[in-house]
Amino acid sequence: MPAQALTVFSPAKLNLILKVLGRRPDGYHELLLLNTAIDLMDRVTVTIEGEGVRVECDHPGVPTGPSNLAARAAEVFFAAFPDRRTGLRIGIEKKIPVAGGLGGGSSNAAAVLWCLPRLLGVEVSAERLRALGSEVGSDVPFFLFRSPAWAEGRGERLREAPGLPPYSFVVVRFPFGLGAGEIFGGWDLTSGGNRYTLGSLMEGEPPPPRDWVNDLGPVVFARHGETLRVRDRLLSLGGLAALVSGSGPTVFGVFPDDASALRACNLVNRDLGFAAELRHAVPGPVMNNVLSKAGCKER
Ligand code: C5P
(Lines give C-alpha, C1' and ligand atoms only; values in the text may rest on other atoms or scores of the structure.)
Protein backbone atom coordinates (compact mmCIF):
# COMPACT_ATOMS: atom_id res chain seq x y z
CA MET A 1 0.00 0.00 0.00
CA PRO A 2 1.40 3.46 -0.89
CA ALA A 3 2.20 5.98 1.84
CA GLN A 4 -0.78 8.10 2.76
CA ALA A 5 0.31 11.66 2.04
CA LEU A 6 -1.15 14.94 0.88
CA THR A 7 0.73 18.02 -0.35
CA VAL A 8 -1.09 21.35 -0.44
CA PHE A 9 -0.28 24.99 -1.10
CA SER A 10 -0.40 27.02 2.11
CA PRO A 11 -0.83 30.71 1.18
CA ALA A 12 0.07 33.91 3.00
CA LYS A 13 -2.51 36.56 3.87
CA LEU A 14 -2.46 40.33 3.78
CA ASN A 15 -4.55 42.36 6.22
CA LEU A 16 -6.02 45.11 4.06
CA ILE A 17 -7.74 46.46 7.16
CA LEU A 18 -6.72 45.77 10.77
CA LYS A 19 -8.72 47.84 13.25
CA VAL A 20 -8.04 47.25 16.93
CA LEU A 21 -11.33 47.95 18.69
CA GLY A 22 -10.13 47.43 22.24
CA ARG A 23 -8.43 45.16 24.75
CA ARG A 24 -10.43 42.19 26.05
CA PRO A 25 -10.51 40.72 29.54
CA ASP A 26 -8.80 37.54 28.22
CA GLY A 27 -5.74 39.58 27.15
CA TYR A 28 -6.52 39.40 23.43
CA HIS A 29 -7.69 42.35 21.36
CA GLU A 30 -11.05 42.77 19.70
CA LEU A 31 -10.37 43.17 15.98
CA LEU A 32 -11.99 44.04 12.69
CA LEU A 33 -10.01 42.62 9.78
CA LEU A 34 -10.30 42.54 6.01
CA ASN A 35 -8.06 39.69 4.85
CA THR A 36 -7.02 38.38 1.47
CA ALA A 37 -4.97 35.31 0.58
CA ILE A 38 -2.13 35.94 -1.87
CA ASP A 39 -0.04 33.82 -4.24
CA LEU A 40 2.93 33.70 -1.87
CA MET A 41 2.72 30.12 -0.68
CA ASP A 42 4.46 27.52 1.42
CA ARG A 43 4.02 23.85 0.55
CA VAL A 44 2.85 21.55 3.32
CA THR A 45 3.04 17.75 3.05
CA VAL A 46 1.28 15.66 5.67
CA THR A 47 2.34 11.99 5.68
CA ILE A 48 0.97 9.26 7.92
CA GLU A 49 4.14 7.74 9.26
CA GLY A 50 5.79 6.43 12.42
CA GLU A 51 4.73 7.53 15.88
CA GLY A 52 4.15 11.00 17.28
CA VAL A 53 4.05 14.23 15.28
CA ARG A 54 7.29 15.24 13.57
CA VAL A 55 7.80 18.57 11.76
CA GLU A 56 10.51 19.15 9.15
CA CYS A 57 11.11 22.58 7.64
CA ASP A 58 13.73 23.88 5.19
CA HIS A 59 13.88 27.25 7.03
CA PRO A 60 16.17 27.32 10.10
CA GLY A 61 14.01 29.95 11.87
CA VAL A 62 10.99 27.66 12.13
CA PRO A 63 10.69 25.62 15.34
CA THR A 64 10.18 21.93 14.62
CA GLY A 65 9.06 20.94 18.14
CA PRO A 66 5.56 20.94 19.65
CA SER A 67 5.43 24.78 19.61
CA ASN A 68 5.17 24.75 15.81
CA LEU A 69 1.59 25.74 14.94
CA ALA A 70 1.31 22.89 12.42
CA ALA A 71 2.24 20.38 15.13
CA ARG A 72 -0.21 22.04 17.52
CA ALA A 73 -2.94 21.79 14.88
CA ALA A 74 -2.34 18.03 14.65
CA GLU A 75 -2.53 17.74 18.46
CA VAL A 76 -5.79 19.72 18.57
CA PHE A 77 -7.23 17.47 15.86
CA PHE A 78 -6.21 14.27 17.66
CA ALA A 79 -7.62 15.62 20.95
CA ALA A 80 -10.97 16.05 19.15
CA PHE A 81 -10.77 12.64 17.42
CA PRO A 82 -8.72 10.54 19.85
CA ASP A 83 -9.46 7.20 18.16
CA ARG A 84 -7.82 8.52 14.97
CA ARG A 85 -4.49 9.40 16.56
CA THR A 86 -1.59 8.30 14.38
CA GLY A 87 2.04 9.17 13.70
CA LEU A 88 2.62 12.06 11.29
CA ARG A 89 5.44 13.70 9.40
CA ILE A 90 4.66 17.30 8.47
CA GLY A 91 7.01 18.72 5.84
CA ILE A 92 7.01 22.51 5.33
CA GLU A 93 8.73 24.22 2.38
CA LYS A 94 8.92 27.86 3.53
CA LYS A 95 8.43 30.72 1.12
CA ILE A 96 6.42 32.99 3.45
CA PRO A 97 8.55 35.21 5.74
CA VAL A 98 8.71 33.84 9.29
CA ALA A 99 7.17 36.09 12.00
CA GLY A 100 6.45 38.55 9.19
CA GLY A 101 2.76 39.37 9.77
CA LEU A 102 1.65 37.28 6.78
CA GLY A 103 0.13 34.43 8.81
CA GLY A 104 2.51 31.75 7.50
CA GLY A 105 2.49 29.62 10.65
CA SER A 106 -1.31 29.86 10.92
CA SER A 107 -1.65 28.93 7.26
CA ASN A 108 0.53 25.84 7.81
CA ALA A 109 -1.66 24.90 10.79
CA ALA A 110 -4.78 25.30 8.65
CA ALA A 111 -3.18 23.13 5.95
CA VAL A 112 -2.70 20.33 8.51
CA LEU A 113 -6.31 20.67 9.71
CA TRP A 114 -7.49 20.57 6.09
CA CYS A 115 -5.41 17.49 5.23
CA LEU A 116 -6.06 15.30 8.29
CA PRO A 117 -9.79 14.57 7.72
CA ARG A 118 -9.02 13.75 4.09
CA LEU A 119 -6.12 11.49 4.97
CA LEU A 120 -7.94 9.72 7.79
CA GLY A 121 -11.46 9.61 6.31
CA VAL A 122 -12.94 11.66 9.18
CA GLU A 123 -16.24 13.47 8.56
CA VAL A 124 -15.97 16.96 10.04
CA SER A 125 -17.80 20.13 9.04
CA ALA A 126 -15.89 23.19 7.86
CA GLU A 127 -17.33 25.07 10.83
CA ARG A 128 -16.03 22.52 13.36
CA LEU A 129 -12.64 22.53 11.65
CA ARG A 130 -12.48 26.33 11.95
CA ALA A 131 -13.39 26.09 15.64
CA LEU A 132 -10.48 23.67 16.12
CA GLY A 133 -8.32 26.13 14.17
CA SER A 134 -9.14 28.99 16.51
CA GLU A 135 -7.75 26.88 19.39
CA VAL A 136 -4.42 26.89 17.55
CA GLY A 137 -4.23 30.61 16.66
CA SER A 138 -6.33 33.66 15.87
CA ASP A 139 -5.56 33.65 12.14
CA VAL A 140 -6.16 29.95 11.49
CA PRO A 141 -9.96 30.07 10.85
CA PHE A 142 -9.50 32.52 7.95
CA PHE A 143 -7.21 30.05 6.18
CA LEU A 144 -10.00 27.44 6.45
CA PHE A 145 -12.51 29.88 4.95
CA ARG A 146 -12.85 31.83 1.71
CA SER A 147 -10.90 34.87 0.56
CA PRO A 148 -11.26 37.80 0.73
CA ALA A 149 -13.12 37.91 4.04
CA TRP A 150 -14.03 40.14 6.93
CA ALA A 151 -13.02 38.75 10.30
CA GLU A 152 -14.18 39.94 13.72
CA GLY A 153 -13.55 39.07 17.35
CA ARG A 154 -10.13 37.45 17.62
CA GLY A 155 -10.47 36.60 13.92
CA GLU A 156 -12.93 33.71 14.22
CA ARG A 157 -16.16 35.41 13.08
CA LEU A 158 -15.85 35.39 9.29
CA ARG A 159 -17.86 36.82 6.44
CA GLU A 160 -17.03 36.74 2.73
CA ALA A 161 -16.05 40.07 1.13
CA PRO A 162 -16.50 39.53 -2.62
CA GLY A 163 -15.74 42.21 -5.21
CA LEU A 164 -12.11 43.09 -4.48
CA PRO A 165 -10.60 44.52 -7.70
CA PRO A 166 -7.47 42.74 -9.05
CA TYR A 167 -4.80 44.95 -7.45
CA SER A 168 -1.08 44.35 -7.85
CA PHE A 169 0.58 44.02 -4.44
CA VAL A 170 4.23 44.85 -3.77
CA VAL A 171 5.26 42.78 -0.75
CA VAL A 172 8.44 44.00 0.99
CA ARG A 173 10.33 41.66 3.34
CA PHE A 174 12.59 42.70 6.19
CA PRO A 175 15.48 40.62 7.52
CA PHE A 176 13.93 40.28 10.99
CA GLY A 177 10.67 39.03 12.48
CA LEU A 178 8.33 40.50 15.07
CA GLY A 179 6.27 38.82 17.78
CA ALA A 180 2.55 39.55 17.60
CA GLY A 181 2.33 39.69 21.41
CA GLU A 182 4.93 42.43 21.65
CA ILE A 183 3.37 44.56 18.90
CA PHE A 184 -0.18 44.18 20.26
CA GLY A 185 1.25 45.11 23.67
CA GLY A 186 2.49 48.41 22.20
CA TRP A 187 -0.95 49.38 20.94
CA ASP A 188 -3.07 51.82 22.89
CA LEU A 189 -6.40 53.40 22.22
CA THR A 190 -4.84 56.73 21.31
CA SER A 191 -2.66 55.32 18.52
CA GLY A 192 -5.53 54.16 16.30
CA GLY A 193 -8.04 56.97 15.82
CA ASN A 194 -11.30 55.40 14.63
CA ARG A 195 -11.88 56.60 11.07
CA TYR A 196 -14.79 54.28 10.49
CA THR A 197 -18.41 53.79 11.20
CA LEU A 198 -18.04 50.05 11.47
CA GLY A 199 -21.61 49.14 10.56
CA SER A 200 -21.50 50.70 7.11
CA LEU A 201 -17.95 49.52 6.40
CA MET A 202 -18.87 45.86 6.06
CA GLU A 203 -21.79 46.37 3.71
CA GLY A 204 -21.41 46.33 -0.06
CA GLU A 205 -18.08 46.10 -1.87
CA PRO A 206 -14.81 46.17 0.09
CA PRO A 207 -13.75 49.78 0.71
CA PRO A 208 -11.13 51.30 -1.64
CA PRO A 209 -7.40 51.23 -0.75
CA ARG A 210 -7.40 54.83 0.48
CA ASP A 211 -9.63 53.64 3.35
CA TRP A 212 -7.40 50.70 4.32
CA VAL A 213 -5.63 51.01 7.65
CA ASN A 214 -3.63 48.98 10.13
CA ASP A 215 -3.84 50.23 13.73
CA LEU A 216 -0.67 48.28 14.57
CA GLY A 217 1.26 50.18 11.87
CA PRO A 218 2.32 53.05 14.17
CA VAL A 219 3.68 50.54 16.72
CA VAL A 220 5.80 48.82 14.04
CA PHE A 221 6.96 52.14 12.49
CA ALA A 222 8.07 53.47 15.90
CA ARG A 223 10.17 50.37 16.58
CA HIS A 224 11.68 49.90 13.11
CA GLY A 225 12.07 53.13 11.16
CA GLU A 226 12.98 51.28 7.96
CA THR A 227 9.40 49.99 7.71
CA LEU A 228 8.14 53.58 7.70
CA ARG A 229 10.68 54.56 5.01
CA VAL A 230 9.48 51.68 2.83
CA ARG A 231 5.83 52.65 3.42
CA ASP A 232 6.52 56.26 2.41
CA ARG A 233 8.51 55.19 -0.66
CA LEU A 234 5.70 52.90 -1.87
CA LEU A 235 3.26 55.81 -1.58
CA SER A 236 5.59 58.19 -3.43
CA LEU A 237 5.95 55.60 -6.22
CA GLY A 238 2.21 55.71 -6.87
CA GLY A 239 0.87 53.22 -4.33
CA LEU A 240 -2.88 53.58 -3.78
CA ALA A 241 -2.10 52.49 -0.22
CA ALA A 242 0.91 51.14 1.67
CA LEU A 243 0.52 49.31 4.96
CA VAL A 244 2.06 46.95 7.45
CA SER A 245 0.43 43.50 7.33
CA GLY A 246 -0.71 42.11 10.68
CA SER A 247 1.82 42.80 13.42
CA GLY A 248 4.56 43.29 10.81
CA PRO A 249 7.21 43.83 9.84
CA THR A 250 6.16 43.02 6.23
CA VAL A 251 4.96 46.14 4.38
CA PHE A 252 2.89 46.00 1.21
CA GLY A 253 1.99 48.56 -1.42
CA VAL A 254 -1.17 48.44 -3.51
CA PHE A 255 -0.82 49.32 -7.20
CA PRO A 256 -3.36 49.55 -10.01
CA ASP A 257 -1.37 47.35 -12.43
CA ASP A 258 1.65 45.06 -12.66
CA ALA A 259 3.80 47.60 -14.56
CA SER A 260 3.67 50.23 -11.80
CA ALA A 261 4.07 47.53 -9.14
CA LEU A 262 7.16 46.04 -10.81
CA ARG A 263 8.72 49.47 -11.07
CA ALA A 264 8.12 49.97 -7.33
CA CYS A 265 9.65 46.52 -6.59
CA ASN A 266 12.81 47.47 -8.47
CA LEU A 267 13.18 50.91 -6.90
CA VAL A 268 12.51 49.77 -3.32
CA ASN A 269 15.11 47.06 -3.81
CA ARG A 270 17.68 49.31 -5.50
CA ASP A 271 17.35 52.36 -3.27
CA LEU A 272 16.40 50.89 0.12
CA GLY A 273 17.96 47.42 -0.18
CA PHE A 274 14.91 45.34 0.81
CA ALA A 275 13.53 42.38 -1.14
CA ALA A 276 10.26 43.30 -2.83
CA GLU A 277 8.03 40.99 -4.86
CA LEU A 278 4.90 41.30 -6.97
CA ARG A 279 1.93 39.29 -5.67
CA HIS A 280 -1.79 38.93 -6.41
CA ALA A 281 -4.87 38.04 -4.41
CA VAL A 282 -6.16 34.48 -4.79
CA PRO A 283 -9.96 34.51 -4.39
CA GLY A 284 -12.12 31.57 -3.31
CA PRO A 285 -11.50 28.76 -0.80
CA VAL A 286 -8.06 29.39 0.70
CA MET A 287 -7.11 25.72 1.13
CA ASN A 288 -8.08 24.00 -2.06
CA ASN A 289 -4.88 23.44 -3.94
CA VAL A 290 -3.85 19.82 -3.65
CA LEU A 291 -0.45 19.37 -5.28
CA SER A 292 -0.20 15.64 -4.84
CA LYS A 293 -1.90 12.85 -2.99
CA ALA A 294 -1.05 9.27 -2.33
CA GLY A 295 -3.28 6.62 -0.80
CA CYS A 296 -5.91 9.13 0.37
CA LYS A 297 -9.33 7.99 1.48
CA GLU A 298 -11.88 9.72 -0.75
CA ARG A 299 -14.65 11.56 1.07
O1 C5P B 1 -3.80 33.80 18.63
P2 C5P B 1 -2.34 33.91 18.39
O3 C5P B 1 -1.55 32.94 19.21
O4 C5P B 1 -2.00 33.85 16.94
O5 C5P B 1 -1.92 35.38 18.85
C6 C5P B 1 -0.57 35.69 19.11
C7 C5P B 1 -0.52 36.87 20.08
O8 C5P B 1 -1.00 38.04 19.44
C9 C5P B 1 -1.39 36.69 21.30
O10 C5P B 1 -0.70 36.03 22.33
C11 C5P B 1 -1.72 38.14 21.67
O12 C5P B 1 -0.66 38.69 22.41
C13 C5P B 1 -1.77 38.83 20.34
N14 C5P B 1 -3.15 38.94 19.84
C15 C5P B 1 -4.03 39.82 20.45
N16 C5P B 1 -5.30 39.94 19.97
C17 C5P B 1 -5.71 39.20 18.90
C18 C5P B 1 -4.83 38.32 18.27
C19 C5P B 1 -3.54 38.21 18.77
O20 C5P B 1 -3.68 40.50 21.41
N21 C5P B 1 -6.95 39.35 18.45
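Once a ≥ b ≥ c are taken as the square roots of the eigenvalues of the Cα gyration tensor of the stretch 168-281, is the result rounded (a/c under 1.5), prolate (a/b larger than b/c) or oblate (a/b not larger than b/c)?
It comes out oblate by the Cα gyration axes.
In square angstrom, what is the accessible area per residue of the chain with a 1.4 angstrom probe?
So the chain comes to 43 Å² accessible per residue, rounded to a whole number.
So for each of 180-186, 123-129, 227-233 I average, over its residues, the number of other beta carbons within 10 Å; can you give me the resulting order with the highest mean first?
Answer by packing, highest mean first, reads 227-233, 180-186, 123-129.
Of all accessible surface on the stretch 168-281 at a 1.4 Å probe, what whole percent is carbon and sulfur?
The nonpolar share, carbon plus sulfur, comes to 52 percent.
For the stretch 1-113, what % of the accessible area comes from carbon and sulfur atoms, probe 1.4 Å?
Its accessible area is 53 percent carbon and sulfur atoms.
Mind pulling the angle between the C-alpha long axis of helix 126-136 and the longest principal axis of the chain? Nearest 10 degrees, somewhere in 0 to 90.
Tilt of helix 126-136: around 70 degrees.
Could you sort Ser236, Ser247 by their accessible area in this structure, using a 1.4 Å probe and putting the largest first?
Output order, biggest surface exposure first: Ser236, Ser247.
The values are calculated or read from the model by the stated rules, or taken from the named source; none is laboratory data. Computed from a predicted model, the values in this text were never measured in an experiment. In this analysis, Cβ positions are derived from the backbone assuming ideal geometry, glycine residues included, and neighbour counts consider all displayed protein chains. All accessible areas refer to the heavy atoms of the entire protein, side chains included, with ligands and DNA or RNA removed. Shrake-Rupley method; radii C 1.70, N 1.55, O 1.52, S 1.80 Å.
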